[in-house]
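The structure appears right after this line, and notes come after that.
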Amino acid sequence: MPLKLLNKQQLHAATATSGKNLIIASAGTGKTSTIVGRIAYLLQNGTDPSKILLLTFTNKAAAEMIARLKRYFDPSIIDQIEAGTFHAVSYRWLKKRYPKLTLKQPSELKTLFRSIYDKREFHRLHLETKPFSATYLYELYSLYQNATLESFHNWMEKRYKEHITLLDIYQDIIDEFEMTKKEYGFASFNDLLILTIKELKKDPIIFDEVLVDEYQDTNTLQEALLNALQPKSLFCVGDYDQSIYAFNGANIENIATFSQRYKDSQVYSLSINYRSTKDILTLANRVISNNERIYPKELHVGNKESSVPPKLLIFDTLFEQYQTIAQMIKESNTPYEEIAIIFRNNSSADGLEASLREIGIPCKRKGGTSFFDAKEIRYILDILTLLINGKDLMAFIHTFEYAKSVGAALAKDIFLTLTYCGDGDILQGIKSPVRNELPKLTKSSNRQLGLFDDHDISALPTRFENSRISQRVLRHPIAKMARVESDALDYFEKYQLLFDSLDVHESSNRLIDKIIRSTLYGYIVDLLATQRAKLKSGEIDKERKEQAKQRIYNKAKLLLELSKPYSDLSRFLNAMILGGGEMSEGEGVNLLTVHASKGLEFEDVYIVDLSDGRFPNRKLMSKNGGIEEERRLFYVAVTRAKKRLYLSFAKYDKIKKTEYKPSQFLYEAKLLKEEGSVINEKK
């Protein structure tokens, strides 16, 4: 049974009496085993499995814990446990109440937000303060939703006093954004929690125990959801020294004030690390002890293997650093999959990847652009989404703004026109419109809110008579739209032909194959490859363009492979939306941002670019959590290493012509003395 496998600390926590329990689980101390043990204890003592809620930060973590429990209990019992991420669990609950609710990815909602923002012509207002861009305003709004329960207007006024004259316009954009989402049944990840909290107030769901993994990463909105649940017992597992998501709204006060908010709470500590060797743990403890101690703790060694002292690598230039590390990895006997190179800034990754591939070492990157966020993959998924949900405005905008001279705002108007001409069915509107007149799309102007509408929405399609556009397209109502030019109609023709060929009843695999082979997707591939092959001079590198095309088609083929197990298109799309961020591709050495490395472990870890300004990152430090957050990031990176740890620093960047000083963490780790002499230097 799981409880027999626990050490004394873990067992003490897992068998805690019901109530408010906080378990401080330091890096590598077996938090997953403790959570599994806790659930086993609850089941053995008669708790109804359907009254247990397990909240995690990845669906993979929840699945791993559920799989472990099924080794010891009847799977039919374990399947009754509600488990998943805050968002996945909320989505399941909400879909029962609102079947038409559609979860949209941030990249898609940014496009919708931009289509609304672009209608405000700020340049006509003669403003003294430069307005925030659409993307930045969207991200501020998202951060606000995670960080506080006060009004957006008040939150902004406290932080951006110079933008006070613009707040009414910002608020109006947000109001229209929220209204549009509601109209089309769209929900963001934040909306899932906000809507669930509202539903719980009307119709409570009572759990005997709610367990929370990675509690230190919860934000104000997630804490509000926990409060709304009002469970009989709460079991939170986390480590304040691994709280590294302040930039994303994580609130370290949730874990820091736990025992103050819950006067009858119990705090347990797991301090025996089974992952790393003695010397690695000593270094980690030495650095993190410079942070304020919220709860007293120190890691102790559970790994009895022989210990290799961490090594400091000092190089003259950044590029020399990357090349030497690549060569060290090539000469190492450690399997590539057991090696990680961890960096604070994404700018480090390109040089590392190039140096590894140059000498034939395979590698995979995580922490940059997700496979499922790649434009070529997102495009295919959006076409499929439109096929099963013709009311999905975002999917249309995202696919149609690739047409020349079409932005998000015009794409939205084309969507409304096609829907109107199809009598509510956009697929009908694309292929065989039943109405030939244009709908009224304009609103009254409002200078105060930055709205300046154009009223000339109708024009004669005879202006395209000398083009090569087919008569079928020229007879289509969108040819009458004044802002639609010949390039847009040419694109629409390809769009129309693709949808002619697609049948929603076909398998996901068959549909994706048709999309990949279509003229429309060929146009998208050429467009993206051209963008990626453009040199600083503006010229197109033909060889690079062909390589970009090949990479695009390789990604599309991978999606084709992923679709094979799914005969039902809806199930395939749901799996891609909720699980896509956790899927990865490729094999080899792991190139990871510190954030992406969290929860992972490797035999060999290289932490690169440990120079002042890069790690700690002084620019980001001023916005998110200060030096203590940067120190926690360093702590997380160091504690990924099981056997060997390399810390590296380069003195000079030839490209930027910038000199660097060593990171203060190298001094705190006592790898460097204040006068600059080095302990354990390898060069």
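Bear in mind these aren't lab numbers, they're just calculated from the coordinates by the rules spelled out. Quick caveat: nothing in here was measured; it's all calculated off a predicted structure. Methodologically, a virtual Cβ is constructed for each residue, glycine included, from the backbone with ideal geometry; neighbour enumeration extends over all protein chains shown.
Hey, what do the phi angles of the stretch 396-403 turn into as Karplus ³J(HN,Hα) couplings, whole Hz, using 6.51/-1.76/1.60 and θ = phi - 60°, x for Gly and Pro?
5, 4, 4, 8, 8, 6, 6, 5
Along the stretch 496-506, what does the Karplus equation 6.51 cos²θ - 1.76 cosθ + 1.60 (θ = phi - 60°) give for ³J(HN,Hα), rounded to whole Hz, x for Gly and Pro?
So the J values, rounded to whole Hz, are 4, 5, 5, 5, 4, 8, 9, 10, 4, 7, 6.
Could you pull out every residue, at least 5 positions away or on a different chain, whose amide H is within less than 5 Å of the one on S26? Hs are placed 1.01 Å off N in the peptide plane, and Pro or chain starts have none.
L270
Suppose R0 equals 25 Å; then what is the FRET efficiency for E358 and L600 from their Cβ-Cβ distance, rounded to the nearest 0.05?
0.50
How long are the three semi-axes of the equivalent ellipsoid of the stretch 1-146, in whole Å, if each is the root of 5 times an eigenvalue of the C-alpha gyration tensor, listed from largest down?
On the way: eigenvalues 406, 73, 28 Å².
Rounded to whole Å, the semi-axes are 45, 19, 12.
Relative contact order (percent) for the chain, with alpha-carbon contacts under 8 angstrom and 6 or more residues of separation? Please report the intermediate quantities before stating the final value.
Values: 1091 pairs, mean separation 126.0, N = 683.
For the chain, the relative contact order is 18 percent.
Taking a ≥ b ≥ c as the square roots of the eigenvalues of the Cα gyration tensor of the stretch 1-80, is the shape rounded (a/c under 1.5), prolate (a/b larger than b/c) or oblate?
Working: a/c = 1.44, a/b = 1.23, b/c = 1.17.
Because its axes are fairly even, with a/c under 1.5, the stretch 1-80 counts as rounded.
Would you please state the base-10 log of I(q)/I(0) at q = 0.06, 0.11, 0.12 1/Å for the chain, with intensities from the Debye formula using one equal scatterer on every alpha carbon?
The calculated log intensity ratios at q = 0.06, 0.11, 0.12 Å⁻¹ are -0.41, -1.32, -1.48.
Skipping prolines and chain starts, which residues have an amide H placed within reach, meaning under 5 Å, of the one on N219, given they are 5 or more residues away or on another chain?
It is N251, by chain and number.
I want the antiparallel fraction of DSSP beta bridges within the chain, as a percent rounded to 5.
If we restrict to bridges inside the chain, about 15 percent are antiparallel.
Remind me, relative contact order of the stretch 96-186 in percent, using alpha carbon pairs under 8 angstrom and six or more residues apart?
42
Return the subset of K161/K619; K330/K364; K304/K642; K130/K619; K375/K534; K263/K598 for which the Cα-Cα distance in this structure is over 23 Å, preserving the input order.
With Cα atoms farther than 23 Å apart: K263/K598.
In terms of modelled amide H atoms, which long-range or inter-chain residues lie less than 5 Å from the amide H of T317?
Under 5 Å from the amide H of T317 lie the amide H atoms of K651, Y652, each far enough along the sequence or on another chain.
What are the ³J(HN,Hα) couplings of the stretch 310-317, residue after residue, when phi is run through the Karplus curve with 6.51, -1.76, 1.60 and θ = phi - 60°? Round to Hz, x for glycine and proline.
x, 10, 9, 10, 10, 10, 6, 10
Debye calculation, C-alpha points only, no solvent: report log10 I(q)/I(0) for the stretch 253-411 at q = 0.10, 0.17 Å⁻¹, in the same order as the q values.
Result of the Debye calculation: -0.75, -1.07.
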